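This report refers to the structure that appears directly beneath it.
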Amino acid sequence: MTLFNRRQAIATLGAATAVGLAAPALAQNRKITVGALRFTSHAGSFVGFERDYFKEAGLDVELRFFEAAQPMAVAIASGDVDYAITAISGGLVSLAQKGAVKVIGGGLQEEPGIDGQKFLVSDAAYQAGITAPGMLDGKSFGMTQAGSSFHYMGAKMAEAEGIELKFKPLQKVGAVIGALKSGQIDAWSIVPHIAKPLAGSGAVHIIGDVATYLPDYQVTTVFTSSKNASDEQEMTRNFLAGYSKGVADYNAAMIAKDGGDAGVDEMVDLIHNYVYTDRPRDKAAPSIINGTMRLNEGAKLNVASVRDQLEWFQSEGLVDSDITLETLVDTSYVETAGS
């Protein structure tokens, strides 16, 4: 029999309650793999892992890192990864249509009053007079793949501004950054922990906010295989419990600043184990702090934003027109917003 002290028991029950779930099966110690990108927006997974919230929820977690959203979706479908947090892509939607994956929660969302994703231009474009998103007509815009979140953000901005962009797929975020800094592409959009340091280097300039065009954009989602969503409900709830405790800690430290400067420093130290690991802590800290955006408490999901993304993929012919929202999303696990 496994014994738990009072602190562990209360923490575990709190993790379950945070997402409206029953207490997890503590003795299970089930091995799972969680996919992530090395972004501050994945801090819920990092904190859940480092502070043993997944262990308290009965899970033995291995983190596996990717460089783009669509390969992560493929890994979920193949069973190589059990859960992941990343942007909705055309590839993910197509896998959902095949019955392979399901969105089960929200990760990161644009929110009024909190600094969010930025539109960037190369120094060459900026010096040529491009100082606002609406001035990018006919210019090149970087993305990883067609149907990626970068494609969606750029297209929605272009639609609102009545302009056209030339989208250039470069497969990996690092390749997009290199192309933007060297002037091989004119523009891009990305989370602030990447955008602000790039702008500080002088090789890139911030010209606008994604939230101006997509104020409630559900930037990332929590997703899993359709099999896990339907047949492994206890494991899925346990994962969401551990993850949600990590999210709550991150928001408390970095948004509410409940622990003051010491709490921020502690959270930065934790995140630095995964983000900007090639930099010393003092060089990485400003970028990590600049990347602070509120994560969805309890993995709450903005269904209206997900619907808009699905309808855009369909309008562009990137996914089949008959895919329904119910095919993509399982709303039974978390609180939802919109319809």
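The values are calculated or read from the model by the stated rules, or taken from the named source; none is laboratory data. Computed from a predicted model, the values in this text were never measured in an experiment. Glycine also receives a Cβ, built like all others from the backbone with ideal geometry; neighbour counts cover every protein chain displayed. Accessible surface areas use protein heavy atoms only, side chains included; no ligands, DNA or RNA. Shrake-Rupley method; radii C 1.70, N 1.55, O 1.52, S 1.80 Å.
Can we say Ile32 is β-branched (Val, Ile, Thr) and within 23 Å of Val191 (Cβ to Cβ)?
On the way: β-branched (Val, Ile, Thr): yes; within 23 Å of Val191 (Cβ to Cβ): no.
No; evaluated as a whole, the condition is false for this residue.
Of all residues being of a type outside the set (Phe, Trp, Tyr) and open to solvent by 20 Å² or more (accessible area, probe 1.4 Å) in the range 208-223, which is farthest from the chain's Cα centre (by Cα)? Just the residue, please.
At the first step, the residues of the range 208-223 found to be of a type outside the set (Phe, Trp, Tyr) are 208-212, 214-216, 218-222.
Now narrow it down to the ones that are open to solvent by 20 Å² or more (accessible area, probe 1.4 Å): 209, 211-212, 215-216.
Details: Asp209: 17, Ala211: 15, Thr212: 19, Pro215: 16, Asp216: 14 Å.
Looking at residues that are of a type outside the set (Phe, Trp, Tyr) and open to solvent by 20 Å² or more (accessible area, probe 1.4 Å), I get Thr212.
Which residue out of Gly138, Gly142, Gly154 is more than 30 Å from Asp330 (Cβ to Cβ) and either part of a helix (DSSP H, G or I) or open to solvent by 20 Å² or more (accessible area, probe 1.4 Å) (or both)?
Gly138
From the list Ala23, Ala9, pick out the single residue that is out of contact with any Pro (no Cβ under 9 Å at 6 or more places or on another chain), open to solvent by 60 Å² or more (accessible area, probe 1.4 Å), modelled with pLDDT under 50 and of a type in the set (A, V, I, L, M, F, W, C).
Details: Ala9 fails: open to solvent by 60 Å² or more (accessible area, probe 1.4 Å).
After applying the criteria, what remains is Ala23.
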Scanning the range 167-194 for residues that are open to solvent by less than 20 Å² (accessible area, probe 1.4 Å) and not β-branched (Val, Ile, Thr), the one modelled with the lowest pLDDT turns out to be His193
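Return the residue satisfying two criteria in turn: it lies in the range 266-276 and is open to solvent by 30 Å² or more (accessible area, probe 1.4 Å) and modelled with pLDDT of 95 or more, and of such residues it is nearest to Leu63 (Cα to Cα). Write out each step before concluding.
First, pick out the residues of the range 266-276 that are open to solvent by 30 Å² or more (accessible area, probe 1.4 Å): 266, 269, 272-273, 276.
Okay, now just the ones that are also modelled with pLDDT of 95 or more, so 266, 269, 272-273.
Working: Glu266: 21, Asp269: 18, His272: 15, Asn273: 12 Å.
Step by step, filter the range 266-276, then rank; the result is Asn273.
So that you can scan it fast, the table gives a plain yes or no per residue for (1) at pLDDT below 90; (2) part of a helix (DSSP H, G or I); (3) out of contact with any Leu (no Cβ under 9 Å at 6 or more places or on another chain):
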site	(1), (2), (3)
Lys196	yes, yes, yes
Gly202	yes, no, yes
Ile207	no, no, no
Thr220	no, no, no
Lys227	no, yes, yes
Thr236	no, yes, yes
Phe239	no, yes, no
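Find the residue count for the range 84-124, including only residues that are in a loop (DSSP other than H, G, I, E, B) and either in contact with a Cys (Cβ under 8 Å, 6 or more places away or on another chain) or in contact (Cβ under 8 Å) with a residue 12 or more places away in the chain (or both).
Of the range 84-124, the ones in a loop (DSSP other than H, G, I, E, B) are 87-89, 98-100, 110-117.
Applying the additional criterion that residues be either in contact with a Cys (Cβ under 8 Å, 6 or more places away or on another chain) or in contact (Cβ under 8 Å) with a residue 12 or more places away in the chain (or both) yields 87-89, 98-100, 110-112, 114-117.
Selection size over the range 84-124: 13.
So, Lys139, is that one modelled with pLDDT of 95 or more, among the basic types (Lys, Arg) and more than 29 Å from Ile289 (Cβ to Cβ) or not? Walk me through how you get there before you give the answer.
Working: modelled with pLDDT of 95 or more: yes; among the basic types (Lys, Arg): yes; more than 29 Å from Ile289 (Cβ to Cβ): yes.
Against the criterion (modelled with pLDDT of 95 or more, among the basic types (Lys, Arg) and more than 29 Å from Ile289 (Cβ to Cβ)), Lys139 qualifies.
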Scanning the range 32-72 residue by residue, the ones that are in a loop (DSSP other than H, G, I, E, B) and not acidic (Asp, Glu) total 8
- Does the range 73-80 contain any residue that is in contact with a Lys or Arg (Cβ under 9 Å, 6 or more places away or on another chain), open to solvent by 10 Å² or more (accessible area, probe 1.4 Å) and not in a helix (DSSP H, G or I)? yes
